[in-house]
1. Collect the residues in region 160-191 that are hydrophobic (A, V, I, L, M, F, W, C) and part of a loop (DSSP other than H, G, I, E, B), keeping them in residue-number order.
2. With (1) within 22 Å of the chain's Cα centre (by Cα); (2) loosely packed, with under 15 Cβ neighbours inside 10 Å as the list, and D161 as the residue in question, which single condition is left unmet?
3. Just to verify a result, which residue in region 116-129, among those that are part of a loop (DSSP other than H, G, I, E, B) and either outside the structural domain of R165 (by TED's automatic domain parsing) or touching a residue at least 12 places away in the same chain (Cβ under 8 Å) (or both), is nearest to A141 (Cα to Cα)?
4. Evaluate region 212-225: report whether one residue or more is in a helix (DSSP H, G or I) and in contact with a strand residue (DSSP E or B) (Cβ under 9 Å, 6 or more places away or on another chain).
5. Starting from residues that are at pLDDT 60 or above, among the hydroxyl-bearing types (S, T, Y) and assigned to a loop (DSSP other than H, G, I, E, B), keep the ones in region 24-72 and report whichever is nearest to V96 (Cα to Cα).
6. Would you say A233 is closer than 30 Å to I60 by Cβ, touching a residue at least 40 places away in the same chain (Cβ under 8 Å), buried (at least 19 other Cβ atoms within 10 Å of the Cβ) and over 16 Å from the mean Cα position of the chain (by Cα)?
7. Which ones in region 94-111 are without any contact (Cβ under 8 Å) to a residue 60 or more places away in the chain, out of contact with any strand residue (DSSP E or B) (no Cβ under 6 Å at 6 or more places or on another chain) and not acidic (D, E)?
8. Identify all residues within region 197-210 that are in contact (Cβ under 8 Å) with a residue 60 or more places away in the chain and surrounded by 15 or more Cβ atoms within 10 Å (Cβ to Cβ); write none if there are none.
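The values are calculated or read from the model by the stated rules, or taken from the named source; none is laboratory data. Remember, predicted model here, so these are calculated numbers, not experimental data. So basically every Cβ, Gly included, is an ideal-geometry build from the backbone, and we count neighbours across all protein chains shown.
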Amino acid sequence: MSEVEITHCGYVAIVGRPNVGKSTLLNHILGQKLSITSRKPQTTRDQILGVKTEGHTQAIYVDTPGLHLGETKAINRFMNKTASAALKDVDVILFVVDVDRWTEEDESVLQKVKYARCPVVLVVNKVDQVKEKETILPRLANLSERMEFAQVVPISALRNDNLDRLERLVESYIPEGVAFYPEDQITNRSSRFLAAEIVREKITRQLGQEVPYEVAVQIEEFVYEETAIHISALILVERNGQKRIIIGERGEKIKLIGKEARIDMENLFQHKVMLNLWVKIRSGWSDDERALASLGYQEE
């Protein structure tokens, strides 16, 4: 009689304040770019599942928007609700913090994870940026005193340092259960969603502080053909000045955004991509709950 194969499957929430490296961590764990990143805070707006299946273990990572304070617009309320909801019904929480910075927003996240019913692992990111290495251990000790964490793991998400240890630790918390996703699936998100996120990332990276958060991307066309995927994306802004910045002088900026987005899409979809972008003004969309719902920002 052959032995019955025991499988493990569970959910892992990645939480923390904006711009602490949550999306970079998810991308490096998956070995593939899934969640968009930039130096600008609050790049991630929605909950993204990243699925990693190795052997008989499936870890379903939930990358969340950064929990932040002092923002009253509907889009910010949506992001905070999404991040808070991710703390429920997961098997382990990865609370990501910066090794040399603790803010009010970190404290706010801490107050939420304190009440979690599952193990909370403190993931101390960006240790590669500390010049005096002898100060790392005292910093870790100081951070670990803030609550009773299951473990404290120093990492550099960007450089892949110590991620193997973190993944082994995560696996130890994954309960027995049947896999929810096929072993070759890496996300629950649609190709349209991922395409929109790639365009939004390129805008954020290219324009930095020039264009604030009032930018959304809506996929108007996504058609697979044998020779190429035809994608048309509408970039929504709130003011005419933002539209001019995104288009750039003689259209140079939007051409560059489109070129970089197309390259990433071709890598992700493993198919030639024909991408068309255009920009439209829709005033007040980021503080209009009906507009947010039409753009896909809906609570589960």
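1. To start, the set of residues in region 160-191 that are hydrophobic (A, V, I, L, M, F, W, C) comprises 163, 166, 169-170, 174, 178-180, 186.
Passing the criteria: I174, V178, A179, F180, I186.
2. (2)
3. So, considering only residues that are part of a loop (DSSP other than H, G, I, E, B) and either outside the structural domain of R165 (by TED's automatic domain parsing) or touching a residue at least 12 places away in the same chain (Cβ under 8 Å) (or both), the one nearest to A141 (Cα to Cα) is K126.
4. no
5. To start, the set of residues in region 24-72 that are at pLDDT 60 or above comprises 24-35, 47-65.
This time we only want the ones that are among the hydroxyl-bearing types (S, T, Y), so: 24, 35, 53, 57, 61, 64.
Filter again for assigned to a loop (DSSP other than H, G, I, E, B), leaving 35, 64.
Working: S35: 16, T64: 11 Å.
Only one residue fits best here, namely T64.
6. Numbers: closer than 30 Å to I60 by Cβ: yes; touching a residue at least 40 places away in the same chain (Cβ under 8 Å): yes; buried (at least 19 other Cβ atoms within 10 Å of the Cβ): yes; over 16 Å from the mean Cα position of the chain (by Cα): yes.
Spelling it out, A233 is indeed closer than 30 Å to I60 by Cβ, touching a residue at least 40 places away in the same chain (Cβ under 8 Å), buried (at least 19 other Cβ atoms within 10 Å of the Cβ) and over 16 Å from the mean Cα position of the chain (by Cα).
7. Of all residues in region 94-111, those without any contact (Cβ under 8 Å) to a residue 60 or more places away in the chain come to 99-102, 104, 107, 110-111.
Next, from what is left, pick out any that are out of contact with any strand residue (DSSP E or B) (no Cβ under 6 Å at 6 or more places or on another chain): 100-102, 104, 107, 110-111.
Passing the criteria: R101, W102, L110, Q111.
8. Within region 197-210, the first condition is being in contact (Cβ under 8 Å) with a residue 60 or more places away in the chain, and the residues that meet it are 197-202, 204-205, 208-209.
Matches in region 197-210: E197, I198, V199, R200, E201, K202, T204, R205.
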